[in-house]
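Notes follow the structure.
The values are calculated or read from the model by the stated rules, or taken from the named source; none is laboratory data. Nothing here was measured: the structure is a model prediction, and the numbers come from that model. In this analysis, Cβ positions are derived from the backbone assuming ideal geometry, glycine residues included, and neighbour counts consider all displayed protein chains.
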Amino acid sequence: MRVVSGIQPTGNLHLGNYLGAIRNWVAMQEQGECLFFLADLHAISQPHVPTELAANTREMTAALVACGIDPSRSILFNQAQVPQHAELQWLLNGTARMGWLNRMTQWKDKAGKNREGASIALFTYPVLQAADVLLYQATHVPVGEDQKQHLELARDIAQKFNNDFASEDAPVFTLPDPIIPPEAARIMSLRDGSAKMSKSDPSDMSRINLTDDADAIMNKVKKAKTDPEPLPSEKTGLEGRPEAANLVGIYAAMAGTSVDAVLGEFGGEGFGKFKPALGELLVTKLAPINDRFIHLRQDKDALDAILRSGAERARKLAVPTLDKTYAALGLVRG
């Protein structure tokens, strides 16, 4: 089992990132070989500030290690130090089809009405995503619901390339399978239970950042949007109550229990009792991460060393696949 996944270094990690992806990454280190990368090449598909990208890449590295990603067990690196990602993307551009990319819902969402003004990098973003995982012969890729379409595209590209340029008994690429976490895959905004918790939300009160101290966490939970009804005793009672369902779901995920168990404890209670309990739970669970992050983020040299070491290991795994791809296409190299 070889797991590959990445995250864009666009600022602080928040609770949605942790429960939806990072905590699962940490657990996957026990199950197989893992490669986790900072997707800085993806970040330049949209307007960005270069100095902020560099700083965010290091900060995200510190946050991942603070959350439990072990650079001695997993391969942690940033894309820019492994040029084979960009090379393979170009080689796969000959296999990917315009119609496939035009159907990508994230392309439509991010480009909006100004598709003519969007970058080519944004349009071909899914081909780079395919290269990210196919380069390492990934067997499994953790994905949220919003990324399933991109993994399906990666499989389509791999299958077509294998059909066109390789024999059935010696395919160039492994077709990766998705890993969709069964719980806490979507953590919603504290201000709007119908919107996903996001770094791009202009309101910092909409999310719990992993850098928030105890006072900030308690304040955000206290002011989280709710409704006037008490909590139900059963899960079905949360239907039509997105904010209540979100807070109960967060509690269950952080406590490692079920929504039904949480409601068994707090059913019939108002949010005046539930919110302080949720805030205290979050503070207890996130405090060690926050402490370690603050220490790590101050050591730029150590963070750069982690990324260099990870990139060196990643390149060694990437080169054989890239060599096979060049050969399959009939490209002559010295």
Residues being under 11 Å from residue 217 (Cα atoms) and among the polar types (S, T, N, Q) - total across region 261-299: 1
Elements of type helices (runs of 4 or more DSSP H) in region 3-69, at least 2 residues being assigned by TED's automatic domain parsing to the domain that holds residue 119 and modelled with pLDDT of 95 or more: 40-43, 50-67
Give just the number: which of (1) among the charged types (D, E, K, R); (2) in a helix (DSSP H, G or I); (3) at pLDDT below 90 does residue 87 not satisfy? (3)
With the condition kept exactly as written, say whether any residue in region 214-221 is within 30 Å of residue 279 (Cβ to Cβ), among the acidic types (Asp, Glu), loosely packed, with under 15 Cβ neighbours inside 10 Å and free of Cβ contacts under 8 Å to residues at least 12 places away in the same chain. yes
Which residues, taken from region 148-202, are among the charged types (D, E, K, R), in contact (Cβ under 8 Å) with a residue 40 or more places away in the chain and farther than 30 Å from residue 240 by Cα? 156, 160, 164
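Looking at region 275-286, can you tell me whether even one residue there is in a helix (DSSP H, G or I), out of contact with any Pro (no Cβ under 7 Å at 6 or more places or on another chain), closer than 30 Å to residue 226 by Cβ and among the hydroxyl-bearing types (Ser, Thr, Tyr)?
Yes, that holds for at least one residue.
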Tell me which residues, restricted to region 96-134, are among the polar types (S, T, N, Q) and either in a helix (DSSP H, G or I) or closer than 20 Å to residue 177 by Cβ (or both). 102, 105, 106, 124, 129
Determine whether residue 76 is surrounded by 19 or more Cβ atoms within 10 Å (Cβ to Cβ), in the same structural domain as residue 31 (by TED's automatic domain parsing) and out of contact with any Ser or Thr (no Cβ under 6 Å at 6 or more places or on another chain). yes
